[in-house]
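The values are calculated or read from the model by the stated rules, or taken from the named source; none is laboratory data. Since the model is a prediction, treat every value here as computed from it, not as a measurement. Neighbour counts are summed over all protein chains in view; Cβ atoms, including those assigned to glycine, are modelled from backbone coordinates with ideal geometry. These area figures cover heavy atoms from the full protein model, side chains too; ligands, DNA and RNA do not enter into them. Shrake-Rupley method; radii C 1.70, N 1.55, O 1.52, S 1.80 Å.
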Amino acid sequence: MYEAFYGLRSKPFSLLPDPEFLYLSKKHQMALTLLEYGLMNQASFSVITGDIGTGKTTLIRQLLNQMERDMVVGLISNTHPSFGELLQWILMAFNLECSSKDKVEMYKTFMDFLIKQYAANRRSILIIDEAQNMSPQALEELRMLSNVNSDKDLVLQVILAGQPGLRDNLRDPRLEQFAQRIAVDYNLTSLNSEETREYIRHRLRIAGGNPDMFDDEACEAVFRYSGGIPRLVNLLCDTALVYGYAEQVSRIGAQLIEDVARDKQQSRILPLRQQVPVTIDKAHNQTPDQPVGKKGRAVSGGSGRKLRVAIASDSERQRNYLKMLLERSGLQVVVAVAVDEELIEQLDRENVDVLLMDLDEGVARRSYDLDRLIDQVQSKCKIPVLFNDSSSAGTGGAISDLGRKLSLKLTSLIGRG
């Protein structure tokens, strides 16, 4: 969507764990080095933990890319409370037949496989991601499987990655023998402010874009709202590029990040690390749940509901742009249609409070009488009309400023009606 506009080869802030975009902060470099150390020195168990979105899975993918050919890898990418038979999942991870086999047969199949790989001078590596969901019984069973290791060499190495709950599970007194076999243990923490800025610029650079596309203030705002969690950084930055593309701005500033964070906060889905401040106007009894207009006033059409707006424009792109502006400013867009003779039929006075009609340079070439059409809208539908000059709709200023100006004008029409 925005890649061509910003000169990008690919999306720089995808949520997929792509090792190509891996930014090795000091923390991530240490974690990767310890994992590599564990593999080279035949650590029986290696454990890496970290909060959601800190980059554990991306590190695992990078580790997989670096593994030597003499390593046979089985990857269990996810676990859950109803994980089921551990041995069955392990056999599937190594592409071994497991159907119609009881537990004893599955155990024999796995042991024969490990011994065969060892005889061929190949090491078997089992990696379990999201391991915090494994029960103490499953972890203990995993330890028992590792008893196949010989005195001198390891036949099976295990890497566990998971959220901090995995560390809590491993502190269970019942798993003391397991804990004693963990040779590598590292907890991955979030990025600091400087690392967040470098992380953003690193990903932009890898994607072929200008690394300074986000200015310093924007990077600082991203850090405040993401807490330095890479996945949240990606979400905020990717959405900011969408907003920036809609506004046709070549560089992302702090105000645009504030707009993104405010919208994410209103959705109540994304857990931001810092809440966007909301100005309270006591005279209007506004709450943070209400859409915010200029000077902290809630935008509404009376009776506490949102102002209902119809948009008319010959350009579909302009209709979508104006719809985004108004909805982000707290108004409800009930219909967005072309400016033609069928316009009146698509306007319902019971459902529309005001019409925003976009006038572009194509007006003079229309085959119908625009003045007559406007008179009909105002006389038959009795809907106030605000005319918008599209020549200035998408240039200059932050999206939030443009949206607020339009919303205030639309609201003032209702106030005069």
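Applying the condition of being in contact with a strand residue (DSSP E or B) (Cβ under 8 Å, 6 or more places away or on another chain) and closer than 13 Å to ALA254 by Cα to the stretch 198-225 and asking which residue is most open to solvent (accessible area, probe 1.4 Å) yields ASP215. Can you find a residue that is under 26 Å from MET40 (Cα atoms), open to solvent by less than 80 Å² (accessible area, probe 1.4 Å) and of a type outside the set (Ser, Thr, Tyr) anywhere in the stretch 100-109? There is no residue in the stretch 100-109 that is under 26 Å from MET40 (Cα atoms), open to solvent by less than 80 Å² (accessible area, probe 1.4 Å) and of a type outside the set (Ser, Thr, Tyr).
If the condition is being open to solvent by less than 30 Å² (accessible area, probe 1.4 Å) and either among the basic types (Lys, Arg) or at pLDDT below 90 (or both), then the stretch 239-259 contributes ALA246, GLU247, ASP259.
Results for (1) free of Cβ contacts under 8 Å to residues at least 12 places away in the same chain; (2) charged (D, E, K, R); (3) under 14 Å from GLN157 (Cα atoms), shown as yes or no for each residue.
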position	(1), (2), (3)
GLN66	no, no, no
ARG69	yes, yes, no
VAL72	no, no, yes
LEU75	no, no, yes
GLU85	no, yes, no
LEU91	no, no, no
PHE94	no, no, yes
SER100	yes, no, no
VAL104	yes, no, no
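Across the stretch 63-89, the number of residues qualifying as assigned to a loop (DSSP other than H, G, I, E, B), farther than 24 Å from LEU32 by Cβ and either at pLDDT 90 or above or of a type outside the set (Ser, Thr, Tyr) (or both) comes to 5.
Within the group ASP172, ASP185, ASP153, ASP168, which residue is among the acidic types (Asp, Glu), under 22 Å from GLY38 (Cα atoms) and open to solvent by less than 70 Å² (accessible area, probe 1.4 Å)? Unique residue meeting the criteria: ASP153.
Would you mind stating whether MET92 is assigned to a helix (DSSP H, G or I), under 36 Å from the mean Cα position of the chain (by Cα) and loosely packed, with under 15 Cβ neighbours inside 10 Å? The answer is yes for MET92. For the stretch 226-237, a residue qualifies if it is open to solvent by 10 Å² or more (accessible area, probe 1.4 Å) and hydroxyl-bearing (Ser, Thr, Tyr), but none of them does.
Name every residue in the stretch 1-42 that is open to solvent by 60 Å² or more (accessible area, probe 1.4 Å), assigned to a loop (DSSP other than H, G, I, E, B) and of a type in the set (A, V, I, L, M, F, W, C), in order of residue number. Within the stretch 1-42, MET1, ALA4, PHE5, LEU15, LEU16, LEU24 qualify. Scanning the stretch 236-253 for residues that are assigned to a helix (DSSP H, G or I) and under 17 Å from ARG328 (Cβ atoms) yields LEU236, ASP238, THR239, ALA240, LEU241, VAL242, TYR243, GLY244, TYR245, ALA246, GLU247. For the stretch 53-60, the criterion of being touching a residue at least 60 places away in the same chain (Cβ under 8 Å), at positive phi and not hydrophobic (A, V, I, L, M, F, W, C) is met by at least one residue.
Does PHE45 satisfy the criteria of being aromatic (Phe, Trp, Tyr), touching a Ser or Thr at 6+ places or on another chain (Cβ under 8 Å) and surrounded by 19 or more Cβ atoms within 10 Å (Cβ to Cβ)? Yes, satisfied.
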